[in-house]
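Structure first, then comments.
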Amino acid sequence: MSANNPQALAPDDGLFRLLFRDQLNEMPAPKRRKSRKGHEGKDSFVFNDKCGWVFLCGQNLAKAKSCLTYQTLSNLAQHHTYYTPNTFFQRDERKEAQLRWLNAFILDVDVKNGENTGLILPDLLDRIDAAGLPQPSFVVQTPSGGYHVYFVLNEPRRAYTNAIMRYKKLQRAMTTAIGGDRQAVGAGRFFRLPTAANVIYRTDQTVSFEELNDWYAINDFDAATSHSQPLSGTIQFTGLLTQKALKKLISGAFVKPGKRDSTAYTLALAFKVSGYSAAEAEEHLHTWNHRISDPLDSFVISQKVQSAYAESAPAGPTKKWIEYLSDEKFTYVKWEPAKARSERKTSHYHEWATDVVDALRALPDHTISGPQRDLAASWGMSVSSFQEVIKLLLKLEKIAVEIVGKGRGAKTVIRLNTDSNIEIFSSSHKEKKDPKAKRRCRSSRSTNASGTLLDGQDKASEILISKPEKNVPDSNTGFLYVLERGVGGRPLGSSSPRTRSPDFP
């Protein structure tokens, strides 16, 4: 295309001006000339409180270049692939903490790896409209067939720390609403340069930061995503992240020199084992990164999260590293290599099920409610493990489950069936606690209150299940059907967000 039409790959200067406005000068300052009283008209290049540096790069992030003028931007854009739509204070530091202006929200919609197969521009615009979002300012199509959707702000937003955090919340919610890539979130990210060839939709329409805040509030995203939202009930849950050593690391005030990377990776593992998704862990780590005295580059945080959530990564942080990084005694848990899947089912699921029942018994009304992810994290489970435990307890008729509300604001209500006397244990777990129980079961056969035969030699069954009464939903109907549709707004069996290159969409 470039050989037949060189102008097709030329940078779109009009879109640059829509984004950057007066943050860039027209051309570099003349050499050996300075702006001084009486000569202002001769020198158009000035540094002021509106200037912001734009970074550009090819595939190699280490060779990124920066510019402060439209002329230089136009020249560099012809030889580079990516740029930063939001601008920075300094020419040599592309860190999130060095952001100066937030100019636009950019959403990355991939069509790779089986995602959004066959998605065309009219479908994408329909998704945006159905989500209640305004029409985008313009859309860039990537070589893989994906889309970068731009919502340019009517006024650039000063990139204070709280504004950056709000920006990422809005960007993630908008991305989720249109089926985009939740991992491609960040105010300082690189995106593909817009050209005459790849800009496939353009309105030049702008949107205010307040309008997007209103959209976020109307859709009640905080109710669906907040980990700080209190659960119904009086019981207070504890976990790995509440331990003194981890709280010390999370505070950011005690990060040792030269140990930032190790601390970030250790915290990512702690978030993972506490039930947080990779996207949530990354958001919390970016917040942590702002607290430390010498922040890491934002793409390094993304890399640490990717490594922690990889299949080959440890299940959680080691005692040794937590104590080394925090200088605190740590005895909460000892992480061990993962056991075989079959063994984990007969051990962990039943132990967790017992924890759930014990917690419900401790509550005055034997009931607890909240978003599914929050409930799972309260017991130190991933969402998928939580769903398996709920299935087990429903099968045993130990609990009843109800969904309150719809969509993202839905809550899962778990209620203990106090008239159920069935024990919850796996055969291996019971034998470990009471070696004599196995011999007693081999020498006797008995029946429970409902007449179901209990046989210690029945190896096909690892739990004791009573015969359900008539008209009571079994494991394939009723509440379980609701679970399979998705408890608390998330479908069962949904995979965790995939990892991706930390900086390039």
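In the stretch 359-373, the residue that is nearest to Ala278 (Cα to Cα) out of those that are surrounded by fewer than 23 Cβ atoms within 10 Å (Cβ to Cβ) and either among the aliphatic types (A, V, I, L, M) or in contact with a His (Cβ under 6 Å, 6 or more places away or on another chain) (or both) is Ala359.
For the stretch 92-114, enumerate the residues that are within 17 Å of Arg182 (Cα to Cα), part of a loop (DSSP other than H, G, I, E, B) and touching a residue at least 40 places away in the same chain (Cβ under 8 Å). Answer for the stretch 92-114, where residues must be within 17 Å of Arg182 (Cα to Cα), part of a loop (DSSP other than H, G, I, E, B) and touching a residue at least 40 places away in the same chain (Cβ under 8 Å): Asp110, Asn113. If I ask for residues that are surrounded by 19 or more Cβ atoms within 10 Å (Cβ to Cβ) and either within 20 Å of Gly52 (Cα to Cα) or not hydroxyl-bearing (Ser, Thr, Tyr) (or both), which ones from the stretch 142-156 would you list? Gly146, His148, Val149, Tyr150, Phe151, Val152, Leu153, Pro156, listed by residue number. Has the stretch 305-320 got at least one residue that is farther than 15 Å from Ile250 by Cβ, surrounded by fewer than 19 Cβ atoms within 10 Å (Cβ to Cβ), aromatic (Phe, Trp, Tyr) and out of contact with any His (no Cβ under 6 Å at 6 or more places or on another chain)? No - not one qualifying residue is present in the stretch 305-320. If you go through the stretch 91-109 and pick out every residue that is at pLDDT 90 or above and within 18 Å of the chain's Cα centre (by Cα), you end up with 5. For the stretch 280-322, a tally of residues being charged (D, E, K, R), assigned to a helix (DSSP H, G or I) and under 18 Å from Ala184 (Cβ atoms) returns 4.
Listed here are the residues, each with its yes/no results for (1) part of a loop (DSSP other than H, G, I, E, B); (2) loosely packed, with under 15 Cβ neighbours inside 10 Å; (3) modelled with pLDDT of 80 or more.
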residue: Ala197; (1), (2), (3): yes, no, yes
residue: Tyr201; (1), (2), (3): no, no, yes
residue: Asp214; (1), (2), (3): no, yes, yes
residue: Ala217; (1), (2), (3): no, yes, yes
residue: Ala224; (1), (2), (3): no, no, no
residue: Gln236; (1), (2), (3): yes, yes, no
residue: Ala245; (1), (2), (3): no, no, yes
residue: Ile250; (1), (2), (3): no, no, yes
residue: Ala253; (1), (2), (3): yes, yes, no
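Among Arg166, Arg189, which is out of contact with any strand residue (DSSP E or B) (no Cβ under 6 Å at 6 or more places or on another chain), closer than 22 Å to Arg100 by Cα and not in a helix (DSSP H, G or I)? None of the others qualify; the one that does is Arg189. Of Glu351, Glu343, all but one fail to be out of contact with any Lys or Arg (no Cβ under 6 Å at 6 or more places or on another chain), at pLDDT 50 or above and not in a loop (DSSP other than H, G, I, E, B); the exception is Glu351.
Taking the stretch 255-266 as the search range and keeping residues that are touching a residue at least 60 places away in the same chain (Cβ under 8 Å) and in a helix (DSSP H, G or I), which one is surrounded by the most Cβ atoms within 10 Å (Cβ to Cβ)? Only one residue fits best here, namely Thr263. Picking from residues in the stretch 374-400 that are buried (at least 22 other Cβ atoms within 10 Å of the Cβ) and of a type in the set (Gly, Ala, Ser), the one that is nearest to Ala278 (Cα to Cα) is Ala377. Answer yes or no as to whether Ile106 is in the same structural domain as Arg192 (by TED's automatic domain parsing), β-branched (Val, Ile, Thr) and buried (at least 21 other Cβ atoms within 10 Å of the Cβ). Yes; evaluated as a whole, the condition is true for this residue.
The values are calculated or read from the model by the stated rules, or taken from the named source; none is laboratory data. Quick caveat, the model's predicted, so the values are computed rather than measured. Neighbour counts run over all protein chains shown; Cβ positions are idealised from the backbone, glycine included.
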